[in-house]
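Engineer: Structure provided below as structure tokens; questions to follow.
Any read-out appearing in this document is the output of simple, stated calculations on the displayed coordinates, not a laboratory observation. What you are looking at is a predicted structure, and each value in this text was computed from that prediction instead of being measured. Cβ atoms come from the backbone with ideal geometry, glycine included; neighbour counts cover every protein chain shown.
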Amino acid sequence: MRKLVYYVAGTLDGFIAAPDGSYDFLPLEPDVAAHLVATYPQTLPTFAHAQFGIDRPEGRFDAVVMGRSTYDPGLAAGITSPYAHLQQYVFSRSLPPAAEPEVEIVAGDAVAFVRELKTRDGKDIWLAGGGQLAGQLLPEVDELILKLNPVVVGSGVPLVTRDFDPRRFTLVDTRPFHTGVVILRYVRPEGGPGGEG
């Protein structure tokens, strides 16, 4: 079965974006960028591939799920298909159907949709954000990859927005970089959804 992987940049105090949804205070440092190009090139937007020397972004993902707040900044800039190399699913009850064949607007229940998506043939599914969608889908997250940035911001969009509901993950890999970023990879423990306990 396909895995849902929440792969996101965050701060030391647990935020993934500013209160207005921007994330320019989390720069992509050169050493981290080189790692991403080699390891997770599919997580870089299609329009940036030439800049990073990516010819064909091969790797573990062939689909991305995101909330409207994650999709909107690109849309405002005229980018209607930010990850054209992936099948894109945008969860929104107010967006009209997308004109792009790679983008599907999903108005229904996110958990039910992702559970069904995981049973389809294909590679793993990247959960790009934001915090509200990640909160809804937390019981379905099989792996959490956090690019932890050496910054404290005080407020903003949290890693997940959800009622108090502890979920335990197991740390399986740590990758520090000279610029202070640490990539932490966690997996959900075996024995049930969400790894309660």
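Engineer: Once you order the gyration tensor axes a ≥ b ≥ c over the Cα atoms, which shape class does the range 123-197 get: rounded for a/c under 1.5, otherwise prolate or oblate by comparing a/b with b/c?
Structural biologist: Oblate.
Engineer: Take peptides 114-122, 33-41 and line them up by average Cβ neighbours within 10 Å, highest first, as a rough protection proxy.
Structural biologist: 33-41, 114-122
Engineer: Charges only on Cβ, +1 for Lys and Arg, -1 for Asp and Glu: so what's the dipole of the chain about the Cα centre, in debye to the nearest 20?
Structural biologist: 260 debye
Engineer: I've got another one for you. Rounded to the nearest 5, what % of the DSSP beta bridges within the chain are antiparallel ones?
Structural biologist: For the chain, the DSSP antiparallel bridge percentage is about 35.
Engineer: Along the range 86-103, what does the Karplus equation 6.51 cos²θ - 1.76 cosθ + 1.60 (θ = phi - 60°) give for ³J(HN,Hα), rounded to whole Hz, x for Gly and Pro?
Structural biologist: My calculation for the range 86-103 gives 10, 6, 10, 10, 10, 8, 7, 8, 10, 6, x, x, 6, 7, 7, x, 7, 10 Hz in order.
Engineer: Which order do the peptides 20-27, 63-70 take when ranked by the mean count of other beta-carbon atoms within 10 Å per residue, highest first?
Structural biologist: Highest mean packing first, the order is 63-70, 20-27.
Engineer: What area, in nm² and to one decimal, does the C-alpha convex hull of the chain cast on average over all directions?
Structural biologist: 11.2 nm²
Engineer: Follow-up. Assuming a ≥ b ≥ c are the square roots of the Cα gyration tensor eigenvalues, decide whether the range 35-99 counts as rounded (a/c under 1.5), prolate (otherwise, with a/b larger than b/c) or oblate.
Structural biologist: Since a/c reaches 1.5 and a/b is larger than b/c, the shape of the range 35-99 is classed as prolate.
Engineer: Read phi for every residue in the range 18-23 and hand back ³J(HN,Hα) as whole Hz from Karplus 6.51 cos²θ - 1.76 cosθ + 1.60, θ = phi - 60°, with x for Gly and Pro.
Structural biologist: 6, x, 8, x, 6, 9
Engineer: Given H placed 1.01 Å from N in the peptide plane, which residues other than close sequence neighbours of residue 124 have an amide H under 5 Å from its amide H?
Structural biologist: For residue 124, the qualifying residues are 3, 62.
Engineer: If you average the alpha carbon positions of the range 11-35 and of the range 70-138, how far apart do those two centres end up, in angstrom?
Structural biologist: Comparing the Cα centres of the range 11-35 and the range 70-138, I get a distance of 21 Å.
Engineer: Per the helix-only calculation at 222 nm, which mean residue ellipticity applies to the chain, given -39500 (n - 2.57) for every DSSP H run of n ≥ 4 and division by its residues, nearest 500 deg cm²/dmol?
Structural biologist: -5500 deg cm²/dmol, from helical runs alone.
Engineer: Apply the Karplus curve 6.51 cos²θ - 1.76 cosθ + 1.60, θ = phi - 60°, to the phi angles in the range 140-149 and return the couplings in whole Hz, x for Gly and Pro.
Structural biologist: 9, 6, 8, 8, 10, 10, 10, 8, 7, 9
Engineer: For the range 1-104, what's the relative contact order in percent, using C-alpha pairs closer than 8 Å and at least 6 residues apart?
Structural biologist: About 21 percent, as a whole number.
Engineer: Let me ask something else. Give the calculated FRET efficiency between residue 174 and residue 111 to the nearest 0.05, with a Förster radius of 30 Å applied to their Cβ-Cβ distance.
Structural biologist: Plugging the Cβ-Cβ distance into 1/(1 + (r/R0)^6) gives 0.50.
Engineer: Simple spin-label model, 7 Å along Cα-to-Cβ: residue 76 to residue 18 in nm?
Structural biologist: So the two model labels end up 1.0 nm from each other.
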